[in-house]
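Below: the structure, in structure tokens.
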Amino acid sequence: MGAAGRGDGSVSQSTHAYERVKAEIVAGGLGPGTHLNEVRLAERIGVSRTPLRAALQRLDREGLVRTVSGRGAFVSELSLSDVRHLFQLREALETHAARLCARSARRGEFGGLEREFTEQHAVLARDTGGSRLDGYYALAEELDRRIDEVVANPYLTGAMAPVRDQLRRLRRIARRSPERVLRSALEHAAVCRAIADGDEDAAAAASARHIDNSLRHILDASV
């Protein structure tokens, strides 16, 4: 195999390692503070150490991994101060994105999402065992994708991407509270309704209200 082929393979392995480790961190399989032993991790996910090291460096830049000189890489931890700072940035980005969507010619698309969130609320209200949460979170991911498409601003969506990754790590807290998930579904519906109506102020306010309520829930649950 030529040098180009080896290079392509290395990039592919690095991407595979990045996506695999990132998914495990976001899902909580690799918890905060976990030491990421390169030898064992490379063997487990089926890559060599060089592309794994590149993947860990990329995750370090994104804030999901913390590299300590002489000790190696660890899954980053989120203090309550980190969470507050994260939500401050989230509010600045998401409220502006909501305004942009409300003034877009595609704002009517959010009417369908409003109905889906309202339906999800009804489904979750009947779900006493939490078996339908994945459907709700999939719909929330769809809302994020639609916002990114409608905003069509790579700088804004690029800034939101690492924030969303950190937020996904916090979902386990919301999952423990069915009441919070129910309220969150209605809050998402309100954001979508305001966007569909073309009301920028209402869209930004609904987004800010959802973010503030989410932060309060996390802080209360962490006391």
Positions within the range 93-104 being small (Gly, Ala, Ser) and within 16 Å of the chain's Cα centre (by Cα), in sequence order: ALA97
From the residues in the range 181-207 that are under 17 Å from the mean Cα position of the chain (by Cα) and of a type in the set (Gly, Ala, Ser), which one is farthest from VAL83 (Cα to Cα)? ALA185
Give the residue that is farthest from ALA208 (Cα to Cα), with candidates limited to residues of the range 44-87 that are under 15 Å from the mean Cα position of the chain (by Cα) and not charged (D, E, K, R). LEU59
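Residues in the range 98-111: is at least one closer than 23 Å to GLU62 by Cβ, assigned by TED's automatic domain parsing to the domain that holds ASN213 and among the small types (Gly, Ala, Ser)? Walk me through it before giving the result.
The first filter runs over the range 98-111 and keeps only residues closer than 23 Å to GLU62 by Cβ, leaving none.
No, the conditions are met nowhere in the range 98-111.
Give the range 141-152 a look and list any residue that's exposed (fewer than 15 other Cβ atoms within 10 Å of the Cβ) and part of a helix (DSSP H, G or I), or say none.
To start, the set of residues in the range 141-152 that are exposed (fewer than 15 other Cβ atoms within 10 Å of the Cβ) comprises 141-142, 145, 149, 152.
GLU141, GLU142, ARG145, GLU149 - these are the residues of the range 141-152 that are exposed (fewer than 15 other Cβ atoms within 10 Å of the Cβ) and part of a helix (DSSP H, G or I).
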Give me a count of the residues in the range 12-54 that are under 13 Å from SER76 (Cα atoms) and among the polar types (S, T, N, Q). 1
Unmet criterion (only one of (1) closer than 18 Å to ALA194 by Cβ; (2) in contact (Cβ under 8 Å) with a residue 12 or more places away in the chain) for LEU124: (1)
Among THR118, THR128, which is the only one that is over 23 Å from GLU24 (Cβ atoms) and at pLDDT below 95? THR128
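Do we find a residue being in contact with a Gly (Cβ under 6 Å, 6 or more places away or on another chain) and within 30 Å of VAL39 (Cα to Cα) anywhere in the range 78-94? Please lay out each step first, then the result.
Going through the range 78-94, the residues in contact with a Gly (Cβ under 6 Å, 6 or more places away or on another chain) turn out to be none.
For the range 78-94, residues in contact with a Gly (Cβ under 6 Å, 6 or more places away or on another chain) and within 30 Å of VAL39 (Cα to Cα): absent.
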By residue number, the members of the range 102-126 that are surrounded by fewer than 17 Cβ atoms within 10 Å (Cβ to Cβ), closer than 17 Å to GLU179 by Cβ and touching a Gly at 6+ places or on another chain (Cβ under 9 Å) are VAL123
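Is it the case that GLY29 is over 26 Å from ALA174 (Cα atoms) and either without any contact (Cβ under 8 Å) to a residue 40 or more places away in the chain or crowded, with 17+ Cβ neighbours inside 10 Å (or both)?
no
The values are calculated or read from the model by the stated rules, or taken from the named source; none is laboratory data. As the structure is a computational prediction, the values presented were derived from the model and not from experiment. Please note: Cβ atoms are built from the backbone with ideal geometry, for glycine as well, and neighbour counts cover all protein chains shown.
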